[in-house]
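A.B. asks: Below you'll find the structure I mean.
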Amino acid sequence: MPRRIEPEVEVVRRIGAITRRLPEVREEEAWTGIRWRIRSKTFAHVMVAQPGYESAYRDITGDHSIRTVLTFRAVGDELLALTHAGPPFYQPPWSPTVVGMVLDDDTDWTEVAELVTESYRDCAPQKLVRLLDD
């Protein structure tokens, strides 16, 4: 089996900077890549979709290139819009509220900050969401 490629340090640093502004977030290694959690819920996960390893991104899109992907949660109109937007977005099959996004040189990091923050809001207890709103 080929050696697993981990997400670039700069990508993890940028997402980490977004999540550090959110109450009680924990960053940790996942089975692959890095995930950010609020209590027991993962609200963001970055990994590299690559040959030799199972990948919902690769299965759904048929793109067998090495790609850094971010998954996060969305609900309502945002979920509907993102799941129908096409690239760089896709919908993994394991949860109806998870959306994936390819991160590359064209990534809009302001949009990533908004999506990750909204994902946190969807997963965090209301007490913590109120802290964020204050």
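A.B. asks: Roughly how many debye, to the nearest 20, is the charge dipole of the chain about its Cα centre, given +1 on each Lys and Arg Cβ, -1 on each Asp and Glu Cβ, and no other charges?
C.D. replies: On the way: 17 positive and 22 negative charges, 129 e Å.
It works out to roughly 620 debye.
A.B. asks: Same structure, new question: Points 7 angstrom from Cα along the Cβ direction at Gln126 and Thr110: gap in nanometres?
C.D. replies: Output for this residue pair reads 3.2 nm.
A.B. asks: Using the Cα centre as the reference, give the magnitude of the dipole from point charges on the C-beta atoms of the range 14-56 (Lys, Arg: +1; Asp, Glu: -1; all else neutral), rounded to the nearest 20 debye. Working shown, then result.
C.D. replies: Details: 8 positive and 5 negative charges, 58 e Å.
It comes to approximately 280 debye.
A.B. asks: Additional query: Between (i) 14.1, 44; (ii) 14.4, 49; (iii) 18.2, 73, which matches Rg and Dmax of the Cα atoms in Å calculated for the structure shown?
C.D. replies: (ii)
No value in this document is a laboratory result; all are computed from the given coordinates. All values reported here derive from a predicted model rather than from experimental measurement. Here Cβ is always computed from backbone atoms with ideal geometry, including for glycine, and neighbour counts include all displayed protein chains.
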